[in-house]
Amino acid sequence: MKIITSYNVRLKTEHISALKQTVMIYTDTIRYFIDVILQEWDNVKDLSSMLLVNYIESLTHYTEKNINPKYPDFDIKFPKLPCYLRRSAISSAFGKCKSYKSSLANWEKADMNTRGKATSMPYITYEMPAFYKGNMFERINDYDAKLKLFINNDWQYITVGLRKSDVDYIKHHCSFRTEMSPVLRHNHKVWELCFSFKEKRDLNDANIYNQRILAVDIGINNPCTCSIMTSDGTVLSRHFYKAPVEEDSLNHKLNKLKKSQQHGSRQTPKKWASVNGMNTMLSRKTAGFIINMAVLYNVDVIVMENLNITGKIHGSKKQRLSLWRKRAVQKQVTLQAHRLGIRIRRVCAKNTSKLAYDGSGEVLRGHDADLNTYSLCKFKTGKIYNCDLSASYNIGARYYIREILKSFSETERLSILAKVPECDKRSTCTLASLIRLNAVLAS
């Protein structure tokens, strides 16, 4: 599979006005092409990207072979515009027009009583250009480059410096990747070049019976709980990631925020920035721990829950739930795992913590089980166990059950499910279900 990552490099230059002019000219060019494409929509809507660019150029750009373009004012408004910038603007404008036409068609099909206002025409405030190599961008050395900018009423190459720390970071981490054309960025009064890097990775293709997986339960009490499992239900190892320092710091910051809100302070940007920063750091450390466990035990697949929480959150921990960066953790784990050749799989999250891994049924937690903590649970057999650890067993078992049953024909699968009926519904599968399934297959 192909993996594309990007890193921003801060520019060191005195020609800020030239950068601003270049961005405005590129934005105006896109606006011009939007008007042209909308007028010629019936002729261009079915064209491929290459044919589209050639057709729009023939309508707007003057050449020796095209002396009478249909829209002759383009070269007057944008003289000497670089060809790569012009073609990029055409592609960008066509994408915006296509999105507008699609939204408009959906609006026209909707019920007149409920569809609301019509989709507005495409409009952009500003668009950042890409500096294509050989036409807009040239490397001088590791820390200097040339950009073609609009300055002194002409397009000229301007030398800009690249911040050393950013370049050294890219050289250290991206030396084996393919560098693509950079894109200009403007963040918080700072001008940057966003370099994209492409790499190809082959994901492992081990048979389901030979796979070793890392089952991960991402939680709130513990950032994550990991179990290394095999297809026969054997749990090779268990690991908890606890971040007491980060958790205490986050709780302290949240309590300070609550007190400020109780005293009437509604706008607390500094306190919120501190909370979000600590939350981000906690998610990064959690993702790093999961990847380290996957590398340590040489797993083939990392299995996580499909966490799609929707609707209004209630309860005493509703603020922590709303701040829970579960998707950020999964996204970081996915990117790093694919780079290492490890596959990512997700399973149904329903009842993973509610059902005991030994198949005894629903568990009791907290005050219902006469326990002082919500991290522990009581099985119907009277056994006290860690709830997150039991959930991680069930997560791994659900993955194996799904993949094993997929390898059989429909007739064989129905015959197996008649003997292990709990495997038919994924939300009721536990580790005991996987063990019983393996027993049936062995017999």
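Details
- From the options LEU371, LEU355, residue that is among the hydrophobic types (A, V, I, L, M, F, W, C) and at pLDDT below 90: LEU371
- Considering the conditions (1) open to solvent by 60 Å² or more (accessible area, probe 1.4 Å); (2) of a type in the set (A, V, I, L, M); (3) under 31 Å from the mean Cα position of the chain (by Cα), VAL347 is excluded by exactly one of them, (1).
- Considering the stretch 141-156, the residues that are polar (S, T, N, Q) and not in a loop (DSSP other than H, G, I, E, B) include one that is nearest to the chain's Cα centre (by Cα), namely ASN141.
- The residues on offer are PRO244, PRO223, and the sole one that is surrounded by fewer than 17 Cβ atoms within 10 Å (Cβ to Cβ) and either touching a Gly at 6+ places or on another chain (Cβ under 7 Å) or modelled with pLDDT of 85 or more (or both) is PRO244.
- Of the residues screened, GLU127 is one that is open to solvent by less than 70 Å² (accessible area, probe 1.4 Å) and at pLDDT 85 or above.
- Complete set of residues in the stretch 117-138 that are of a type in the set (A, V, I, L, M, F, W, C) and part of a loop (DSSP other than H, G, I, E, B): ALA118, MET121, ILE124, MET128, PHE131, MET136
- Residue identified as among the aromatic types (Phe, Trp, Tyr), touching a residue at least 60 places away in the same chain (Cβ under 8 Å) and surrounded by fewer than 17 Cβ atoms within 10 Å (Cβ to Cβ) among TYR400, TYR357, TYR374, TYR393: TYR374
- Filter result (farther than 24 Å from LYS189 by Cα and touching a helix residue (DSSP H, G or I) at 6+ places or on another chain (Cβ under 6 Å)) within the stretch 11-37: PHE33, ILE34, ILE37
- When LYS65 is tested against the conditions (1) basic (Lys, Arg); (2) over 16 Å from SER91 (Cβ atoms); (3) touching a helix residue (DSSP H, G or I) at 6+ places or on another chain (Cβ under 8 Å), the lone failure is (3).
- The residue that is nearest to the chain's Cα centre (by Cα), among those in the stretch 157-180 that are open to solvent by less than 70 Å² (accessible area, probe 1.4 Å) and within 21 Å of HIS15 (Cα to Cα), is ASP166.
- Those residues of the stretch 4-23 which are among the β-branched types (Val, Ile, Thr), in contact with an Asp or Glu (Cβ under 9 Å, 6 or more places away or on another chain) and open to solvent by less than 40 Å² (accessible area, probe 1.4 Å), in sequence order: THR5, VAL9, VAL23
- Among the residues listed as ILE302, ILE291, the single one being assigned to a helix (DSSP H, G or I), surrounded by 19 or more Cβ atoms within 10 Å (Cβ to Cβ) and not acidic (Asp, Glu): ILE291
- Cβ-Cβ under 8 Å pairs, at least 6 apart or on other chains, the stretch 217-239 side without any contact (Cβ under 8 Å) to a residue 24 or more places away in the chain, far side surrounded by 16 or more Cβ atoms within 10 Å (Cβ to Cβ): THR230/GLN211; THR230/ARG212; THR230/ILE213
- Restricting attention to the stretch 86-124 and to residues that are modelled with pLDDT of 90 or more, touching a helix residue (DSSP H, G or I) at 6+ places or on another chain (Cβ under 6 Å) and open to solvent by less than 40 Å² (accessible area, probe 1.4 Å), the residue that is nearest to PHE137 (Cα to Cα) turns out to be ALA89.
- Unique residue being buried (at least 17 other Cβ atoms within 10 Å of the Cβ) and either over 17 Å from the mean Cα position of the chain (by Cα) or modelled with pLDDT under 90 (or both) when the list is LYS317, LYS326: LYS326
- First in the stretch 37-57 and within 16 Å of PHE74 (Cα to Cα) and open to solvent by less than 20 Å² (accessible area, probe 1.4 Å), second anywhere and in a helix (DSSP H, G or I) and among the polar types (S, T, N, Q), Cβ under 7 Å, 6 or more apart: VAL53/SER91
- Candidates GLU199, GLU192, filtered to the one that is modelled with pLDDT of 90 or more, in contact with a strand residue (DSSP E or B) (Cβ under 8 Å, 6 or more places away or on another chain) and of a type in the set (Asp, Glu): GLU192
- Failed criterion for LYS65 (all others in (1) within 29 Å of ASP154 (Cα to Cα); (2) open to solvent by 80 Å² or more (accessible area, probe 1.4 Å); (3) under 34 Å from the mean Cα position of the chain (by Cα); (4) not small (Gly, Ala, Ser) hold): (3)
- Residue within the stretch 363-373 that is under 26 Å from the mean Cα position of the chain (by Cα) and closer than 25 Å to SER237 by Cβ present: no
The values are calculated or read from the model by the stated rules, or taken from the named source; none is laboratory data. As the structure is a prediction and not an experimental result, all values here were calculated from the model. In this analysis, Cβ positions are derived from the backbone assuming ideal geometry, glycine residues included, and neighbour counts consider all displayed protein chains. To get the accessible areas, we keep the full protein, side chains included, count just its heavy atoms, and leave off ligands, DNA and RNA. Shrake-Rupley method; radii C 1.70, N 1.55, O 1.52, S 1.80 Å.
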